[in-house]
Structures are given as C-alpha cells and as structure tokens.
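Below is one structure, written out as structure tokens; the observations come after it.
The values are calculated or read from the model by the stated rules, or taken from the named source; none is laboratory data. Note that the coordinates shown come from a computational prediction; the quantities given were computed from them, not determined experimentally. Cβ sites come from the backbone with ideal geometry, for glycine too, and all protein chains shown count toward neighbours. Accessible surface is based on the protein model in full, side chains and every heavy atom, while ligands, DNA and RNA are left aside. Shrake-Rupley method; radii C 1.70, N 1.55, O 1.52, S 1.80 Å.
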Amino acid sequence: MPSTPAPETTAPLLPPGPLDALWIQLGGTLCNLQCTHCFISCSPKNKSLDLMSLADVEPYLVEAERLGTREYYFTGGEVFIVKELEAIVERTLQQGPVTLLTNGTLTTLERATRLAEIAAATPYSLEFRVSLDGFTPETNDVIRGRGTFERAMRGVENLVSVGFLPIITATQVWDPSENLNVIAGFSEELRRRGYDRPRLKILPVLKMGAEAERTEGYADYERITEDMWRGYDASLLLCHASRTVSGRGVHICPILVDDPAGSIGTSLTESLDRPYPLTHSACYTCWQYGSICSNASSAPADGGY
C-alpha cells in the first residue's frame, strides 16, 4: 500500500526538466503473474489501472513528439497481455526508440518474430527488459510463482533467436553479500541458454505494494530532506526528464503510477509547468541509486560491482 507522505514543508522541490522519455503504463495493473515484491501489486485480478489501447496512447504520442521526447517505455502490468501491442509498438517506433518491460512468460516465438519484423522496418531501435529475480527456478519462483523461471527463460530464448539482446532485470531480493555470485550465476545460465552476450540490470527493492507485505515498508526517516537535496544533481532522477501516462492521466514516474501523490495532471504539457514535491519514500530510493527505472546499468551502492 502507498506510504503516507511526509509534510510537504520538509520536502525539496524537483524542478521540471525536458520531456526526454515517456513511460506508458500499457498493461495497467493487470498481470498474468502475482510477484511477492511487486511495488504496485499487479496481478490477474488487479484492475486499478486498465489496459491501454492504441486510441488511448495516440494523443500522448502526438503531444510527446511536439515536446521533443526522445525515447519511449511500455510497462505494466504485463505488456504482452495487450492485444494491440504490436500495432502500438509499430506506431511508436515511427518517432523514437522503444523499450518493452515484460516478465517474458508470454513472449512466444511468433510474437518475438513479428516484433523483430516491425523493428527491422522502422527507423528506431526496439529493446526488451525481461524480469527475473534469480538464476535458478528455486531462487526465482519463490518470488514470481511456480514454473515462471522456465517460462521466462523460454521467452528470453525466443527473443535472442530473432536477434534481440534483452536486458535481464533483477530486483535485489538476495543478501548484498551474494551480489557477485548472483551476477556470475545469471551470466552462466544465460550463456548456457544460447545468450552469449547477456545484459543484466540489478534494481534495489522498493518497499511498497506487495513488497511492504513480504518484508517491511519504508521507515519514517526514509525521506529526502532539504539537506540531502542541497547540491544534488536533479538530472540523476528519472522524474526530472520524464513522465508516465496511464488510462488515468499523467504521473510523475512509473513507481508512483498507482499512488494519488504521483498524479500530476491530464496532459504532458500541464505536468511540466510546475515543480514536484519529493515527499514519497520511494523518492528516497531513487535519491540513493539514481534513475533506477531507465535502461542504464544500476545496482545497489553496496553491491561491490
């Protein structure tokens, strides 16, 4: 569940930057899995945010192009649930690079092939981020559900077979002392599966949603203060130069897409008109680690790599 915001008088204000990236909550909060660490508690039954159609996405694409947006991310929920996914990707690739965030379990060879054909015929690149939280069924499936490791790995194999180099994205649900072993384990397993140039991105845990129930929520002190903000480079935060859209409107970031505190308007232009108070505990995690949602490599600071 969302944590309670601290008084706004203690929170620094994030100045709006350019709209470099647009995140689109294509899969809403619907997902074929129900992971125990999901920060917006996605599941097959969570309809808090609906799936988006091409008609829903189109106005935001038009506005984003006018504002100079340079890249696009599709997330959820699970994007492969969306029937119009291929059409939406094809449309978006006409104006910028696209990244699809997926759990990989629904990424069939047929759909991977179709997406490869679409990407080959358009001027921009198509990337995939596939979520796994362990390099064995035993370590992954306790978080993502029985059988999900093998299904996700088949999805990775399908993507690799048609020429994609998916970024394997893992949330650090293991002890930090195991970081190097986990990285080596992922690399070995992916190479064994035919992915000879594996890419891995480690994410810190966001202590909200299902994760707050699995372990613990944020402590009261885990907030950005004015002292912490002084001298900090705002461009390190994803929200400085991006916005997220859903069927409900515009949000400050994909982490707060289902939190009323993250709602900042009905149009992208409106959302860039004023500073945003960094009151949420999730802001503290991003302050620690930077733009954790972007494709750039990121890992907990004590990870040792």
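Do the conditions hold for Ile118, that is, is it open to solvent by less than 60 Å² (accessible area, probe 1.4 Å), in a strand (DSSP E or B) and touching a residue at least 12 places away in the same chain (Cβ under 8 Å)?
no
Scan the stretch 265-276 and tell me whether some residue there is surrounded by 17 or more Cβ atoms within 10 Å (Cβ to Cβ), under 19 Å from Lys207 (Cα atoms) and either aliphatic (A, V, I, L, M) or at pLDDT below 95 (or both).
Scanning the stretch 265-276, I find no residue that is surrounded by 17 or more Cβ atoms within 10 Å (Cβ to Cβ), under 19 Å from Lys207 (Cα atoms) and either aliphatic (A, V, I, L, M) or at pLDDT below 95 (or both), so the answer is no.
Out of the stretch 123-165, which residues are over 25 Å from Val182 (Cβ atoms) and open to solvent by less than 20 Å² (accessible area, probe 1.4 Å)?
Listed by number, the list holds a single entry, Leu126.
Rundown of residues vs (1) within 30 Å of Pro166 (Cα to Cα); (2) acidic (Asp, Glu); (3) in contact with an Asp or Glu (Cβ under 9 Å, 6 or more places away or on another chain), yes/no style:
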| position | (1), (2), (3) |
| --- | --- |
| Pro176 | yes, no, yes |
| Val182 | yes, no, no |
| Glu211 | yes, yes, no |
| Arg230 | no, no, no |
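I'd like to verify a number: residues in the stretch 36-70 that are open to solvent by 60 Å² or more (accessible area, probe 1.4 Å), closer than 23 Å to Asp259 by Cβ and out of contact with any helix residue (DSSP H, G or I) (no Cβ under 7 Å at 6 or more places or on another chain), how many?
Total meeting the criteria: 5.
Could you check how many residues of the stretch 71-107 are open to solvent by 10 Å² or more (accessible area, probe 1.4 Å) and more than 17 Å from the chain's Cα centre (by Cα)?
Selection size over the stretch 71-107: 9.
Quick grid of which residues meet (1) touching a residue at least 12 places away in the same chain (Cβ under 8 Å); (2) among the hydroxyl-bearing types (Ser, Thr, Tyr); (3) farther than 18 Å from Phe128 by Cα:
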site	(1), (2), (3)
Ile143	yes, no, yes
Gly147	no, no, yes
Leu180	yes, no, yes
Gly194	yes, no, no
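Taking Thr169 as meeting all but one of (1) out of contact with any Lys or Arg (no Cβ under 6 Å at 6 or more places or on another chain); (2) closer than 22 Å to Ile292 by Cβ; (3) not in a helix (DSSP H, G or I), write down the number of the exception.
Among (1) out of contact with any Lys or Arg (no Cβ under 6 Å at 6 or more places or on another chain); (2) closer than 22 Å to Ile292 by Cβ; (3) not in a helix (DSSP H, G or I), the lone unmet condition for Thr169 is (1).
Restricting the search to the stretch 122-141, which residues are in contact (Cβ under 8 Å) with a residue 24 or more places away in the chain and over 17 Å from the mean Cα position of the chain (by Cα)?
Within the stretch 122-141, Thr122, Pro123, Tyr124, Ser125, Gly134, Phe135, Thr136, Thr139 meet the criteria.
Taking interchain pairs and intrachain pairs at least six residues apart, which have beta carbon atoms under 8 angstrom, with the first residue in the stretch 235-262 and at positive phi and the second in a loop (DSSP other than H, G, I, E, B) and open to solvent by 10 Å² or more (accessible area, probe 1.4 Å)?
Gly249/Thr266
Thr113: touching a residue at least 40 places away in the same chain (Cβ under 8 Å), over 22 Å from Ser53 (Cβ atoms) and part of a loop (DSSP other than H, G, I, E, B), yes or no?
So Thr113 fails the test.
For the stretch 112-142, which positions are among the aliphatic types (A, V, I, L, M) and more than 28 Å from Tyr72 (Cα to Cα)?
Selection gives Val142 alone.
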